[in-house]
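Read-outs: derived from the displayed coordinates by stated rules, not from any lab. All figures in this text were calculated on a predicted structure; none of them were measured in a lab. Glycine gets a Cβ as well: all are built from the backbone with ideal geometry, and neighbour counts include every protein chain shown.
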Amino acid sequence: MRKVVWDMDPGVDDALALILALKSPEVQVLGVTTVAGNAPVEMTSANARRVLECLDAGSIPVAMGAANPSNHPLEDALSYHGPDGLGNCSLPSPLTPLYPAKAWDLLARLVLDAPGEVTLVATGSLTNVAYAFELHPELPELLAGLVLMGGAYSLTPYGKGNQTPFAEFNIWQDPEAAHIVFNSGADIFAVGLDVTMDPAACLNSQHLEQIKTRHTPTAHLAAQLVEYEVKCHGCCRMHDPLALATLLDASLLDFILERVEVVKGNGWDRGVTRILSSGSSQLIHVASAVDGPRFLKLFLSRILEE
Ligand code: RIB
Ligand code: CA
């Protein structure tokens, strides 16, 4: 059982990843923190609680974090995820109040209470994580690991940008924060577009029909989320569920150890994650391959169970 604290920007795929985690015995979600990204932070904070409450997990604390990237104005992705950030699903507004602390304080508290035991999962921009590391420099070494969805490393034909032709959305949103995190000393597993954009790892309309055969609250919510993506974008990209799946079955993805440069600033190469052949950058594990069919089989088996 891996203890997890999770910084996210729900967002349809963050929500699908959270549902997967809540239906998986391999992980225990101790807390959720939210960051602006796919949607403004008030909305991502509401969406995290909407999903948790739907799955009777409203007791998991949710703490709100940064409303903007550290060095750039927010550019949300509501045009992709729908006006409510969750595919216009029918979930009611949350009843649970926010945890009475900022995201970086909850992240730090949960890790410091269990040194070496907690894995940080990050599926949004890294603004909150970088700030937590700056406030508590001892934090990276006290993590059991850091699994993040972010970057595009040119390791496969899919390893190109999705916010610009060169940069992935989470890293592009706050490259300064990503630079801090990528050089923090944490044991980082980066799951990038190289594997998450593999068509074999995306849900399609046939998968949607399978999900629709189940009439549980979990399957009903998953069906709404997937249906929005399939109808609007032709398929449902599983960026964040793939990052979480690393903790469920380590054999699903291959990783290589590389030095990675994150390009800061606001030029054409903002947010580029470039693998370096040498240099002083920290070594991080970068996802280089995925068993898409086996990942989707695992996802569906968890979503469809009673
Ligand atoms: O580039 C994809 C990533 O950006 C995913 O985490 C998605 O939810 C958005 O945050
Ligand atoms: Ca996300």
Length gained, Asn88-Thr216, 0.36 nm per residue minus C-alpha separation, equals 44.2 nm
The size of the Cβ-based charge dipole (Lys, Arg +1; Asp, Glu -1) of segment 38-122 about the Cα centre, to the nearest 20 debye, is 80 debye
Simple SL model, points at 7 angstrom along Cα→Cβ for Ile256 and Gln206; separation in nm is 3.1 nm
Surrounding charge for Gly185, neighbours by C-beta under 11 angstrom, Lys/Arg +1, Asp/Glu -1, total -3
Connecting every pair of Cα atoms under 10 Å apart in the chain and solving the GNM, the largest mean-square fluctuation among Thr119, Thr44, Thr127 falls on Thr119
The relative contact order of segment 2-303, taking Cα pairs under 8 Å that sit 6 or more residues apart, comes to a percentage of 20 percent
Largest fluctuation, Pro69, Pro40, Pro25 only, Gaussian network model of the chain with Cα springs under 10 angstrom, belongs to Pro25
Taking the dipole of the chain about the Cα centre (Lys, Arg +1; Asp, Glu -1; charges at Cβ), the one of Leu74, Cys235, Gly151 that reaches farthest to the positive side is Cys235
Note on segment 1-102: contact order normalised by length, alpha-carbon pairs under 8 Å, 6 or more apart, percent, works out to 30 percent
What the Cα atoms of segment 2-303 span along the principal axes, largest first and in whole Å, is 53, 44, 35
Most fluctuating of Gly65, Gly159, Gly267 in the GNM of the chain (C-alpha, under 10 Å) is Gly267
Free-by-geometry Cys in the chain, Cβ-Cβ under 4.7 Å as pairing rule, reported as Cys54, Cys89, Cys232, Cys236
Relative contact order in percent for segment 185-306 (Cα pairs under 8 Å, 6+ apart) equals 36 percent
Check: in the chain the Lys pairs 8 or more apart or on separate chains whose Cα atoms fall under 30 Å apart number 14
With the charge dipole of the chain built from beta-carbon charges (+1 for Lys and Arg, -1 for Asp and Glu) about the Cα centre, the Cα from Ile256, Leu225, Ala46 projecting farthest to the positive end belongs to Leu225
